[in-house]
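A quick write-up on the structure given underneath.
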Amino acid sequence: MVRPVDVSVERVIRAARAEVAGFAADMGNAPRWYRNIKSVEWRTDPSTEPGARAAFVAEFMGRRIAYTYEIREHLPGERLVMSTEEGPFPMQTIYEWSDAPKGTHMRLTNRGFPSGFKAVLMPVMALAMRRAMTQDLSQLDKVMRSRA
């Protein structure tokens, strides 16, 4: 039985919540702040509305992974939920934003059932995900500050 992976990281992004949420919610911007995302190609008209889909190509733990994310829920400036059932790692990704004294508090959560990886690798995978996600939020902070 494959055990789920559930990883969350948080960071204050030094920019206004509307700017951070608008930028991060646009799947087309993912390669600018996600270290492992190599490309994104829209499968629907570009949108942040539920049902919008984009095909991603990523590299993670030495593997090339291709999958299509679909936006499931979007409360602008508050929460975005997207998921994929494709590839070796069916996953749900959640972005949550709230005001912080020096910008925007963002929580990034990834959870899923990695079927293409051996169960014994799950602790290593969770650690690698946490490290990558922490770096991604750091990069998002840099991108947002450079846009100011």
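Ranking Val12, Trp97, Phe56 by how far each Cα lies toward the positive end of the dipole of segment 5-147 (charges on Cβ) leaves Val12 at the top. Among Lys38, Lys102, sorting on how many other beta-carbon atoms sit within 10 Å of each Cβ, with the fewest leading, yields Lys102, Lys38. Length gained on full extension, Lys142 to Ser98, computed as 0.36 nm times the residue gap minus the Cα-Cα distance: 14.0 nm. Put a dot 7 Å past the Cα of Arg107, heading toward its Cβ, do the same for Glu41, and the two dots end up 3.6 nm apart. Only the Cβ atoms of Lys and Arg (+1) and of Asp and Glu (-1) were treated as charged; on that basis the dipole of segment 15-148 about its Cα centre amounts to roughly 600 debye.
No value in this document is a laboratory result; all are computed from the given coordinates. Bear in mind the structure is a predicted one, so any value in this text is a computation, not a measurement. Because the Cβ atoms are built from the backbone with ideal geometry, glycine has one as well, and the counts that use them run over all protein chains shown.
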